[in-house]
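Worksheet for the structure shown next.
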Amino acid sequence: MLVNRLTKKSSNSIRIGITGVPGVGKSTFIEALGKHLTLQGHKIGVLAIDPSSHKTKGSILGDKTRMESLSQNPNVFIRPTPSAGTLGGVAKTTRESITLLEAAGYDIILVETVGVGQSEISVSAMVDFFLLLMIPGAGDELQGIKRGIMEMADGIVINKAEGEMEKKAMLAKRQLENALHLFPLPENGQTPRVMLCSALQNKAIDKVWKGIEQHLSKNKKSGYFDHRRKSQSVYWFKEAVKHELETHFFSNAHVKENWKKFETEVSNDIKSPFAAAKEIINKVK
């Protein structure tokens, strides 16, 4: 298998996950960051997970239009992928796509999440730096931000810190810094840094990148960088096993033949969901 052969090759790439609620400016931020990095001689791979309709499973896949300038850069590859049918809104092939991009010479990989649901968990398990993007002036800055996402973040960037919003951004920064000090210290011993920028005005993007570099440099010196990648490989091994088991189960002839019967028994309260599940699993050889 091609991906398996490429996995064995060493890579000096940096993998960055970027998440945030819809409207926070993820695409604008990625375009600004991508331009900054290409000017420094980097080759950028962007894997953008596009939200899909729960009803139709359709997806717009419009990330290239939202990153119009960046998509025309010969040193940038953008691959939008629909989130439909994948756990946590992250495409099943995203992990493999990272490997392929690295083998093709892209040294910085940016993975943009849907920004809703559990996609953050999956993305944080495949990147070296997980960035949470936020905006000021949206009421309580901590409202709607799950503690779990805050704990996963390696850094927080408050976007749209421009004009009249700059003062609100500074206030939000102080609030977030105070909140982060209440959390347990991360495994790598680094409290997530809170930074400000305006992707639209290309303001402080260089400072954000410097902050990311400093964070990763400390991780490499301490050995945490390598430890994290090894742990992630084990995580995806377990996820792959679960996927293969599920595929094997639902392709089983006995399951296909009796599935409707079990559904009917469960829906009519003849059997509990748990009893039915145990029975059908025990009959699979």
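Considering only alpha-carbon pairs that sit under 8 angstrom and 6 or more positions apart, the relative contact order computed for segment 165-267 is 14 percent. Peptide packing for 195-201, 222-228 was compared via the average number of neighbouring C-beta atoms within 10 Å per residue; ordered from the highest value, the list is 195-201, 222-228. Could you work out the local net charge near H36, counting Lys and Arg as +1, Asp and Glu as -1, over the other residues with Cβ closer than 11 Å to its Cβ? Summing Lys and Arg as +1 and Asp and Glu as -1 gives +1. At 7 Å along Cα-to-Cβ for each site, give me the label-to-label distance between E213 and W259 in nm. Going by the 7 Å Cα→Cβ label model, 5.2 nm. Here the extension length gained between E164 and K271 equals 32.4 nm, from 0.36 nm per residue of separation less the Cα-Cα distance.
Each Lys and Arg contributes +1 and each Asp and Glu -1, all at the Cβ; summed about the Cα centre of segment 237-282, the dipole is approximately 40 debye. Considering the dipole of segment 209-283 built from charges on the beta carbon (Lys and Arg +1, Asp and Glu -1) around the Cα centre, which of F249, A275, W236 is farthest to its positive end? So the residue we want is W236. Each part reduced to its alpha carbon centroid, segment 191-252 and segment 10-30 end up 10 Å apart. The listed peptides 160-167, 16-23, ordered by packing as a protection proxy, come out as 16-23, 160-167 (highest mean of other Cβ atoms within 10 Å first).
Among 98-106, 253-261, sorting by the average number of other beta carbon atoms lying within 10 angstrom of each residue, highest first, gives 98-106, 253-261.
Read-outs: derived from the displayed coordinates by stated rules, not from any lab. Note that the coordinates shown come from a computational prediction; the quantities given were computed from them, not determined experimentally. Don't worry about glycine lacking a Cβ; one is built from the backbone with ideal geometry, like all the others, and counts go over all protein chains shown.
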